[in-house]
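These notes are about the structure you will find just below.
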Amino acid sequence: MQPEEINSLIEIPAERSFVSIKATEAAFIYELITSQHLSKTLETGLGFGNSACHILAATGTNHIAIDPFQKDYDYLALKNVAAIGCKDQFDFREDYSHHVLPQLLKEGKQFDFIFIDGDHKFDGILVDFYYADLLLENNGYVLFHDTWMRSTQLVSSFIEKNKNNYVAVDCPLRNFHLFKKVGKDNRDGMHFKEFYTSKSILTYRLITWMTSPGDSWLKRMAIRLKEVLK
Ligand SMILES: C[S@@+](CC[C@H](N)C(=O)[O-])C[C@H]1O[C@@H](n2cnc3c(N)ncnc32)[C@H](O)[C@@H]1O
């Protein structure tokens, strides 16, 4: 099943579409998985299941997704997965990623594609990456969403500066960061490189201001300008 067909079968409420990855992002995931022949997949953060549906359709096999808050989404992700006919391949873990990821590690599970789109706080993303790194096979990929956020930028920068067993892979979509694991982590216990970055400071401030409560002509103009530029 191709992305166009998936999009025609799944339901994402228009008023909460900001929760979901975009169609271009879903198509990118689909293309990455099919072109690289990836099949052992995992994601943190299910939302309405857009990424899950594209991952499942791309591999045609089992996929694990972790999310403790599906009830806030009326379990629509599960309905969407069923709508594309992948219910039996879907392993949904309704819990926090910091509970499930260590369990998967203990079970000896290994993956070749991990999508991190769950808790978007810095420490939440870093913990997801910490376990993703341990769960990822050599030559596997880890993909981060929402790089407009400072938290995501700082985790990416940590990887770039400290984890020399990862290479950043060029990605045409600016809200994604993609890394490939290329070996073992050989840092010694004293290793540390500063990883501060100023990337996305302005974008992050602007978007959080634009989406904050309260109305003003300046805010309305900025929102209008963003829509026009899109
Ligand atoms: C932006 S949405 C994910 C969107 C989804 N990947 C898609 O395809 O559109 C973020 C999700 O992360 C979930 N989440 C928040 N904290 C989490 C945590 N600690 N562990 C796992 N999921 C979490 C939320 O419930 C929400 O469904």
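Read the figures in this text as sums done on the coordinates, not as results from a lab. As the structure is a computational prediction, the values presented were derived from the model and not from experiment. Note: ideal-geometry Cβ built from the backbone for every residue, glycine included; neighbour counts use all protein chains shown.
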Among DSSP beta bridges lying fully in the chain, give the percent that are antiparallel, nearest 5.
-> 35
Run the numbers on region 98-151 and let me know its relative contact order in percent, using alpha-carbon pairs under 8 Å that are six or more apart.
-> 46
Taking Cα centroids, how far is region 1-33 from region 118-146 in Å?
-> 21
Please name which of Ala82, Met149, Gly183 has its Cα lying farthest along the dipole of the chain towards the positive end, using unit charges on Cβ (Lys, Arg +1; Asp, Glu -1) and the Cα centre as origin.
-> Met149
Is the shape of region 1-64 rounded, prolate or oblate, going by the alpha carbon gyration tensor and its root eigenvalues a ≥ b ≥ c, with a/c under 1.5 for rounded and a/b larger than b/c for prolate?
-> prolate
From the backbone phi of region 56-62, what are the Karplus-calculated ³J(HN,Hα) couplings (6.51 cos²θ - 1.76 cosθ + 1.60, θ = phi - 60°) in whole Hz, Gly and Pro given as x?
-> 4, 5, 6, 8, x, 9, 4
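For every other residue with a beta carbon closer than 13 angstrom to the beta carbon of Lys22, add +1 if it is Lys or Arg and -1 if Asp or Glu, then tell me the sum.
Here the charged neighbours net out to -1.
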Counting only DSSP loop positions in region 1-108, the GluC sites (Glu not before Pro) whose Cβ has at most 14 other Cβ atoms within 10 Å are Glu11, Glu107
Taking the chain as a Gaussian network, where each spring joins two C-alpha atoms under 10 Å apart, which residue of Val100, Val169, Val155 fluctuates the most?
-> Val169
Specify whether the C-alpha gyration tensor of the chain places it in the rounded, prolate or oblate class, a ≥ b ≥ c being the square roots of the eigenvalues: rounded for a/c under 1.5, otherwise prolate if a/b is larger than b/c and oblate if not.
-> oblate
Using alpha-carbon coordinates alone, the radius of gyration and Dmax of region 118-230 in Å work out to 16.9, 54
Return the single residue from Phe192, Phe129, Phe115 with maximal mean-square fluctuation; model: Gaussian network over the chain, springs between Cα atoms under 10 Å.
-> Phe192
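Rounding to the nearest 20 debye, state how big the charge dipole of the chain is about its Cα centre with +1 on each Lys and Arg Cβ and -1 on each Asp and Glu Cβ.
Value, rounded to 20: 800 debye.
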In straight Cα distance, which lysines are under 20 Å from Lys230, not counting same-chain residues fewer than 8 positions off?
-> Lys22, Lys219
Net charge near Asn7 (other residues with Cβ under 13 Å of its Cβ; Lys, Arg +1; Asp, Glu -1) is -3
Per the rule of 0.36 nm per residue minus the C-alpha distance, extending Gln2 to Ser212 adds in nm 71.9 nm
Lys163: which aspartates and glutamates have alpha carbons under 14 Å from its alpha carbon, excluding same-chain residues fewer than 8 sequence positions away?
-> Asp133, Asp185, Asp188, Glu194
Specify which residue in the list Phe122, Phe192, Asn62 is farthest towards the positive end of the charge dipole of region 3-199, using unit charges on the beta carbon of Lys, Arg (+1) and Asp, Glu (-1), about the Cα centre.
-> Phe192
Select from Ala14, Ala132, Ala52 the residue whose mean-square fluctuation is largest in a Gaussian network model of the chain (Cα-Cα springs shorter than 10 Å).
-> Ala14
Which stretch or stretches of region 108-143 have amide N atoms under 15 Å from the point lying 7 Å from Val169's Cα along the Cα→Cβ direction?
-> 111-116, 133, 136-143
